[in-house]
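The values are calculated or read from the model by the stated rules, or taken from the named source; none is laboratory data. Note that the structure is a prediction, hence the values are computed from the model and not measured. Cβ placement follows ideal geometry from the backbone for every residue including glycine, while neighbour counts extend to all protein chains displayed. For the accessible areas, the whole protein counts, side chains as well, though only heavy atoms, and no ligand, DNA or RNA atoms are used. Shrake-Rupley method; radii C 1.70, N 1.55, O 1.52, S 1.80 Å.
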Amino acid sequence: MGATLTASDLRKGLKLEIDGEPYLIVDFEFSKPGKGQALYRCRLRNMITGTQFDRTYRSGDKFLAADLDEQEMEFLYKEGNRYHFMNTSTYEQVELAEASVGDAKNFLTENLHVDMLFFKGAPIGISLPNFVELKVIKSDPGVKGDTASGATKPVTLETGYEIQVPLFIEEGDVLKLDTRTGTYVERVKTSA
């Protein structure tokens, strides 16, 4: 069971349990009118469904901290729209639906270590490492004479994800990507 919190504990990034579901405070604003109680305006995001809403609390309100647990997991494989992971310390296997994996599916490769978030013992999502390395499986050649500064072309990565990269990238190259923005960082290894 999560700890009891008061309105003065509210801040951006805090995870609360409201009506039996975990919520993340994505935006927070404190105001103290001349008379009366202090007001705490929060934008909350449901950590399971992703829905967001605004709510205002008063200084006497009490909350329950979300009972969340994070465990290191290793991605094993995808079967249909289910993603299978293994706990790196207990070797217990857990599966997540594609909706719970979200955009992280664009960066998942076999044996990648991720942090899985659990709410009351049930998996609700994963956090990727900040950077991953993926191989280019499809790349059109750069257009000859298209050497303008910053020119890019689309490539397809081993996960099926498409991104824009500099013209010198070729099939077989391994690229370093930022999982937070989904963008190219650098070429790690060439195809030769």
Response to the item:
Relative to the compact-globule estimate 2.2 N^0.38 Å (N residues), the Cα gyration radius of the range 4-65 stands at a ratio of 1.09
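At 1.4 Å probe size, with every protein chain present, just tell me what the per residue accessible area of the range 131-189 comes to in Å². Kindly include the intermediate steps, with their values, before the conclusion.
On the way: 3560 Å² over 59 residues.
It amounts to 60 Å² per residue over the range 131-189.
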Response to the item:
Put Lys135, Lys15 in order of accessible area, largest first, probe 1.4 Å, and you get Lys135, Lys15
Worksheet, complete the sentence: Counting only protein heavy atoms with a 1.4 Å probe and every protein chain in place, the carbon and sulfur fraction of the accessible surface of the chain in whole percent equals 46
Worksheet item: When the distances between all Cα atoms of the chain are binned every 5 Å from zero, what whole-number percent does each bin get?
Response: 1, 7, 13, 14, 13, 12, 11, 9, 8, 6, 4, 2, 1, 0, 0
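Compute and list, largest first, the equivalent-ellipsoid semi-axes of the range 93-187 from the alpha carbon gyration tensor, each √(5λ) rounded to a whole angstrom.
Working: eigenvalues 204, 27, 21 Å².
They are 32, 12, 10 Å, listed largest first.
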Discussion item. Which residue fluctuates most in the GNM of the chain (Cα springs below 10 Å): Asp178, Asp19, Asp140?
Written reply: Asp19
Practice prompt. Taking all protein chains together and a probe of 1.4 Å, list Glu17, Glu170 from the most accessible to the least accessible.
Written response: Glu170, Glu17
Practice prompt. At 1.4 Å probe size, with no ligands or nucleic acids counted, give the accessible surface of Glu29 in Å², nearest ten.
Written response: 100
Item to complete: For the chain, with a Gaussian network of springs between Cα atoms less than 10 Å apart, report the residue from Arg45, Arg58, Arg82 with the top mean-square fluctuation.
Response: Arg58
Worksheet, complete the sentence: Answer in debye to the nearest 20: the dipole magnitude of the range 68-127 about its Cα centre, from +1 Lys/Arg and -1 Asp/Glu charges placed on Cβ, is 180
Discussion item. Residue by residue through the range 179-187, what is 3J(HN,Hα) from phi via Karplus (6.51 cos²θ - 1.76 cosθ + 1.60, θ = phi - 60°)? Round to whole Hz and write x for glycine and proline.
Written reply: 6, 6, 10, x, 10, 5, 10, 6, 8
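Can you tell me what percent of all Cα-Cα pairs in the range 60-116 are more than 13 Å apart? Provide the component values of the computation, followed by the final result.
Working: 1020 of 1596 pairs.
Roughly 64 percent, once rounded to a whole number.
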Discussion item. Pick from Lys120, Lys32, Lys138 the residue whose mean-square fluctuation is largest in a GNM of the chain, springs joining Cα atoms under 10 Å.
Written reply: Lys32
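Please get the size of the charge dipole for the chain, origin at its Cα centre, with Cβ charges of +1 on Lys and Arg and -1 on Asp and Glu, quoted in debye to the nearest 20.
On the way: 23 positive and 30 negative charges, 197 e Å.
Taking the Cα centre of the chain as origin, the dipole is about 940 debye.
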Worksheet item: Which of Ala66, Ala7, Tyr83 sits farthest toward the positive end of the charge dipole of the chain, with +1 on the Cβ of Lys and Arg and -1 on the Cβ of Asp and Glu?
Response: Ala7
Fill in: Accessible area of Thr4 in the full protein assembly, 1.4 Å probe (Å², nearest 10)
100
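Mind ranking His113, His84 by accessible surface for me, highest first, 1.4 Å probe?
Numbers: His113 80, His84 15 Å².
Most to least solvent-accessible, the answer reads His113, His84.
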Practice prompt. Putting +1 on Lys and Arg Cβ atoms and -1 on Asp and Glu Cβ atoms, find which of Tyr40, Val132, Leu117 reaches farthest to the positive end of the dipole of the chain.
Written response: Tyr40
Discussion item. Skipping prolines and chain starts, which residues have an amide H placed within reach, meaning under 5 Å, of the one on Asp61, given they are 5 or more residues away or on another chain?
Written reply: Ala7
Item to complete: Quick one: accessible surface of Ser89, probe radius 1.4 Å, all protein chains present, in square angstrom to the nearest 10.
Response: 90
